[in-house]
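Visitor: Dumping the structure here so I can ask a few things about it.
The values are calculated or read from the model by the stated rules, or taken from the named source; none is laboratory data. In this text, all values refer to a predicted model and were calculated from it rather than measured experimentally. Quick reminder, even Gly has a Cβ in these numbers, built from the backbone with ideal geometry, and neighbours come from all protein chains shown.
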Amino acid sequence: MWKLLIAFVLMAATTASAAPASSASDCDADSQDCVVVGKWNVSLAIGAGVRSNPLVHGQDLPLVVVPQISYYGKRFYIDNLDVGFTAVDGEANSLSLIASPGYDRIFFYRSDLQNIFVNLGGPSGPAGATPPPPVPFPSRPREITYLAGPEWTFNLHGIIGQFDVLREVTGHNHGEEVRTAIEFPVSRSTNRFSAAIGLTWQSAAIVNYYYGAPGIYESGSALRPFLKLKYSRPLGPGWRFEGIAQYEHLASAIADSPIVAQNYVVTAFFGFVHAF
Amino acid sequence: MRFSLGSRAGRCTAILVTALLTAGMGETGSEIQLKLRPRVCTLAANETQCSTTVHADWHSPREESLCLVILGRSDVKRCWEHYSQGTYSIELVFSDDLLFELKDARLETVLASQALRIIREAIRYRHRRRDPWNIFQ
């Protein structure tokens, strides 16, 4: 099934490559939906926030400085730690092959790149200077992993959907993950207020790689639904205020692990964003 | 059909010759030659202004008293008295085409002119990735 999806995206890429350009003809200005090809986009959010850590003795992650970096070529792009190749770039639908880091490592290592990206200068100093939070059991490394696979997104009258089917490709757990989310605009005025619901499915291989204890706790696959609210208010050229709150529920396959203390992850951030 | 093609080719040749003559002799057709380096400034997609050092050279078969000016830029003016050639270099920051003119000492008659043109790289856009799964997007 997974190979079939990859083949489909590659076929779409081949077909699209024959076209003179992507069908992004509705994009004629730098905006919320469109971006300049060949330009680095850097923004920095400075504010106050926190992401809870569900691990036993896990330290919550303060969010103070949140950098965002992206670069879009004609088809290739870098979106923070994700990279992608867009086969079809249409007004309503987009089809890409992406690679994205495994998410759960952030709870085990403060120095994980995904944490560096959301906390360059928190009160506890630079990320990496802080030792990993004590995880009593099991004490074993969780390596940096990358997942890759096709991503389909759509924009239907402002309702944005995302569907990723990913497989771990760095050889550490060989697991699969499906990421889905749909975002609804609540307010279409200058102040953008949106709500998103999503669901992450992780195979048993991924769940056990992070939360399993060999011989003590071994689980099956897990579902992780989430709800996200986001508010954005432009303040002037290059500046905006943003508030984000997200609640993610962890399935019992994860929450029942002996190293997990909470069956949820809460993230909140309020701050000012400057786009350079 | 062949006549039509020949006629079109003739018109193209005439335009080309006219353009070459104008470029070589300046607007007025005088014998004073003005050359600019560079003649074109190319802006990248994320740039709005050209910033470069422009070198202007002029030559004349006779001694002349004249001034080099830039149209619309009264701050730039360099004059020579009884010279048959001259050079002038200046650092400029500009966002539109510049027209360099050699005028007589009274600044009444244009003896030669050259344009320094700006070429803007075509800016292309594409859709930003839609990633509602990501907390910060």
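Visitor: If you take the residues in segment A:93-106 that are more than 10 Å from every other protein chain (Cβ to nearest Cβ) and closer than 25 Å to A:V273 by Cβ, which one is surrounded by the fewest Cβ atoms within 10 Å (Cβ to Cβ)?
Guide: A:P101
Visitor: Can you tell me which residues in segment A:33-74 are touching a residue at least 60 places away in the same chain (Cβ under 8 Å), part of a loop (DSSP other than H, G, I, E, B) and more than 8 Å from chain B (Cβ to nearest Cβ)?
Guide: A:S52, A:N53, A:P54, A:V56, A:H57, A:G58, A:Q59
Visitor: Inspect all residues belonging to segment A:221-240 and state whether any of them is over 24 Å from A:I69 (Cα atoms) and outside any strand (DSSP E or B).
Guide: Within segment A:221-240, one or more residues are over 24 Å from A:I69 (Cα atoms) and outside any strand (DSSP E or B).
Visitor: If you scan segment A:135-182, which residues turn out to be in a strand (DSSP E or B), of a type outside the set (S, T, N, Q) and under 25 Å from A:N53 (Cα atoms)?
Guide: Taking segment A:135-182 and keeping what is in a strand (DSSP E or B), we get A:146-156, A:159-168, A:176-182.
Filter once more, keeping what is of a type outside the set (S, T, N, Q): A:146-152, A:154, A:156, A:159-161, A:163-168, A:176-179, A:181-182.
Result: A:Y146, A:L147, A:D164, A:L166, A:R167, A:E168, A:E176, A:E177, A:V178, A:R179, A:A181, A:I182.
Visitor: Filtering segment B:104-118 down to residues that are within 23 Å of the chain's Cα centre (by Cα) and part of a loop (DSSP other than H, G, I, E, B), which residue is farthest from the other protein chains (Cβ to nearest Cβ)? Full working, then the answer.
Guide: Applying the first criterion (within 23 Å of the chain's Cα centre (by Cα)) to segment B:104-118 yields B:104-105, B:107-118.
Of the ones still in play, those that are also part of a loop (DSSP other than H, G, I, E, B) are B:105, B:107-109.
Details: B:A105: 47, B:L107: 41, B:E108: 45, B:T109: 45 Å.
Looking at the filtered set, the residue picked out is B:A105.
Visitor: Another one. Quick one: count up the residues across segment A:108-133 that are at pLDDT 50 or above and either assigned to a loop (DSSP other than H, G, I, E, B) or within 14 Å of chain B (Cβ to nearest Cβ) (or both). Working first, answer last.
Guide: Step one: list which residues in segment A:108-133 are at pLDDT 50 or above, which gives A:108-118.
Of the ones still in play, those that are also either assigned to a loop (DSSP other than H, G, I, E, B) or within 14 Å of chain B (Cβ to nearest Cβ) (or both) are A:108-112, A:114-118.
Residues that pass the stated criteria total 10.
Visitor: Sort out which residues of segment A:159-172 are touching a residue at least 24 places away in the same chain (Cβ under 8 Å), touching an Asp or Glu at 6+ places or on another chain (Cβ under 9 Å) and more than 9 Å from every other protein chain (Cβ to nearest Cβ), and write them in order of number.
Guide: Matches in segment A:159-172: A:I159, A:V165, A:L166, A:R167, A:E168, A:T170, A:H172.
Visitor: If a residue has to be surrounded by 19 or more Cβ atoms within 10 Å (Cβ to Cβ) and not acidic (D, E) to count, how many in segment A:169-210 make the cut?
Guide: First, the residues of segment A:169-210 that are surrounded by 19 or more Cβ atoms within 10 Å (Cβ to Cβ): A:173, A:175-177, A:179, A:181, A:183, A:194, A:196, A:198, A:200, A:202-203, A:206-210.
Still in the running and not acidic (D, E): A:173, A:175, A:179, A:181, A:194, A:196, A:198, A:200, A:202-203, A:206-210.
Adding up the residues that qualify gives 15.
Visitor: Find all pairs meeting these conditions: Cβ atoms under 6 angstrom apart; at least six residues apart or on different chains; first residue within segment B:123-134 and among the aliphatic types (A, V, I, L, M); second residue modelled with pLDDT under 85 and surrounded by fewer than 20 Cβ atoms within 10 Å (Cβ to Cβ).
Guide: From residues that are among the aliphatic types (A, V, I, L, M), the pairs are B:I123/B:A45.
Condition check ((1) surrounded by 15 or more Cβ atoms within 10 Å (Cβ to Cβ); (2) small (G, A, S); (3) at pLDDT below 90) across all residues:
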| residue | (1), (2), (3) |
| --- | --- |
| A:A13 | yes, yes, yes |
| A:A16 | yes, yes, yes |
| A:D33 | yes, no, yes |
| A:G49 | yes, yes, no |
| A:S52 | yes, yes, no |
| A:V65 | yes, no, yes |
| A:F76 | no, no, no |
| A:E91 | no, no, yes |
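Visitor: Which residue out of B:S89, B:S51 is away from every other protein chain (no Cβ under 14 Å), surrounded by fewer than 13 Cβ atoms within 10 Å (Cβ to Cβ) and either closer than 30 Å to A:I78 by Cβ or free of Cβ contacts under 8 Å to residues at least 12 places away in the same chain (or both)?
Guide: B:S51
Visitor: Can you find a residue that is surrounded by fewer than 17 Cβ atoms within 10 Å (Cβ to Cβ), away from chain A (no Cβ under 14 Å) and not aromatic (F, W, Y) anywhere in segment B:119-130?
Guide: yes
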